[in-house]
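Notes for the one structure printed next.
The values are calculated or read from the model by the stated rules, or taken from the named source; none is laboratory data. What you are looking at is a predicted structure, and each value in this text was computed from that prediction instead of being measured. Every residue, glycine among them, receives a Cβ derived from its backbone with ideal geometry; neighbour counts consider all protein chains shown. Note: areas computed on protein heavy atoms with side chains; ligands, DNA, RNA excluded. Shrake-Rupley method; radii C 1.70, N 1.55, O 1.52, S 1.80 Å.
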Amino acid sequence: MLNVLLKIFTLISLFILMPIIVFSAFLILLEDGMPVFFIQKRIGKDLKSFNIYKIRTMYKTTPNLGTHEVDKSNYLKIGSILRLAKVDELPQLINFIRGDLLLIGPRPGLDTQLQLKEERLKRKVFDVVPGISGLGQVLGYDMSEPVKLSKIDALYISNKSIQLDLKILIATFFKPARKSLMLRFEEELKKIEGSS
């Protein structure tokens, strides 16, 4: 029932936010032409692939790689601003409504990120639906550190709750809120850092 209500709220939010999406798309169009949206295959629950939707923030000629593998020179001028404001992530609300993503969960990776895939398989990360935002993301871990990230994913899964999801959601937009998450998982993070 909660999931249905969240999806209805998300659909309403998507309509409200549509002017921001359209305006952002127009700015991308002016700077680098079509397409204005970025569609990429990601790995979801049970290793099923799905298309993730974003507003494009990089040049059309940018290689199809993970964000951490792409040089900053590939970012559009407006792209950096959109990423900072998280506006580029708004089309992922469509993924949430479709059931590809939850609001909070492990960030979905690419099929080509073999080490990350292997580490996540070890820790049963693919047993859960991935998210638009996640614990690893707000704590500053990305896919360039596959072992650490998969351990953070497993830490999230073992502590998953509505309260934790709400804290991660707030921390996604307000950096000061990340400190409480760092403190909550302080001991676990020390072990993760120490074992790497």
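Give, in nm to one decimal, the length gained when the segment between L164 and I20 is fully stretched (0.36 nm per residue of separation minus the Cα-Cα distance). Can you show the working numbers first?
Values: separation 144, 0.36 × 144 = 51.84 nm, distance 2.86 nm.
Difference between extended and current length: 49.0 nm.
Which of the lysines could a cross-linker span from K45 if the Cα-Cα distance has to be under 18 Å and same-chain partners fewer than 8 positions apart are dropped?
K117, K122, K124, K151, K160
Along its principal axes, what span do the Cα atoms of the chain show, with the longest given first and each in whole Å?
That works out to 48, 39, 34 Å along the principal axes.
Excluding ligands, DNA and RNA, what is the solvent-accessible area per residue of the stretch 77-196 at a probe of 1.4 Å, expressed in Å²? Spell out each step's value before the answer.
Details: 6110 Å² over 120 residues.
With all protein chains present, the stretch 77-196 gives 51 Å² per residue.
Roughly how many percent of the accessible protein surface of the stretch 31-145 is carbon and sulfur, given a 1.4 Å probe and a whole-percent answer? Mind showing how you got there, number by number?
Details: 3190 of 5630 Å².
Ligands and nucleic acids excluded, carbon and sulfur reach 57 percent.
Quick one: give the max-minus-min coordinate of the C-alpha atoms of the stretch 17-90 along each principal axis, largest first, in Å.
38, 29, 22
Can you find, among I168, I43, Q115, the residue sitting farthest towards the positive end of the charge dipole of the chain, where Lys and Arg contribute +1 and Asp and Glu -1 at Cβ?
I168
State the Cα centre-to-centre distance between the stretch 21-48 and the stretch 155-196 in whole Å.
For the stretch 21-48 versus the stretch 155-196, the Cα centre distance is 28 Å.
Can you show me the helix-derived [θ] at 222 nm for the chain, built from DSSP H runs with n ≥ 4 at -39,500 (n - 2.57) apiece and divided by the number of residues, rounded to the nearest 500. Each step should come with its number before you reach the end.
Working: 9 runs with 102 residues, N = 196.
That comes out to -16000 deg cm²/dmol.
Can you figure out the FRET efficiency of L65 with I94, using R₀ = 25 Å and their beta-carbon distance, to the nearest 0.05?
On the way: r = 23 Å, r/R0 = 0.91.
That gives a FRET efficiency of 0.65.
Please build a GNM for the chain, connecting alpha carbons under 10 Å apart, and tell me which residue among P176, P106, P130 fluctuates the most.
Highest fluctuation among the options: P176.
Please give the contour-minus-distance gain from K48 to F9: 0.36 nm per residue of separation, less the Cα-Cα distance, rounded to one decimal in nm. Write out the running numbers ahead of the final one.
Details: separation 39, 0.36 × 39 = 14.04 nm, distance 2.62 nm.
Difference between extended and current length: 11.4 nm.
Starting from the Cα of L84, move 7 Å in the Cα-to-Cβ direction to define the label point; list residues of the stretch 151-190 whose amide nitrogen is under 16 Å from there.
Residues 173-175 fall inside that zone.
Using R₀ = 41 Å, calculate the FRET efficiency as 1/(1 + (r/R₀)^6) where r is the Cβ-Cβ separation of K72 and E118; round to 0.05. Could you put the intermediate results ahead of the total?
Values: r = 28 Å, r/R0 = 0.69.
E(calc), rounded to 0.05, equals 0.90.
Quick one: which residues, 5+ away or cross-chain, put their amide H under 5 Å from the amide H of Y53? H built at 1.01 Å from N.
Placed amide hydrogens put N95 under 5 Å from Y53.
State which helices in the chain qualify, where a helix is a whole DSSP H run, it must extend 24 Å or more along its own axis by its Cα atoms, and its mean Kyte-Doolittle hydropathy must be at least 1.0. Each step should come with its number before you reach the end.
Working: long enough: 2-32 (41 Å, 2.14).
In the chain, the long hydrophobic H runs are 2-32.
Relative contact order for the chain: what percent, with Cα pairs under 8 Å and sequence separation of 6 or more?
Working: 255 pairs, mean separation 34.1, N = 196.
So the answer I get is 17 percent.
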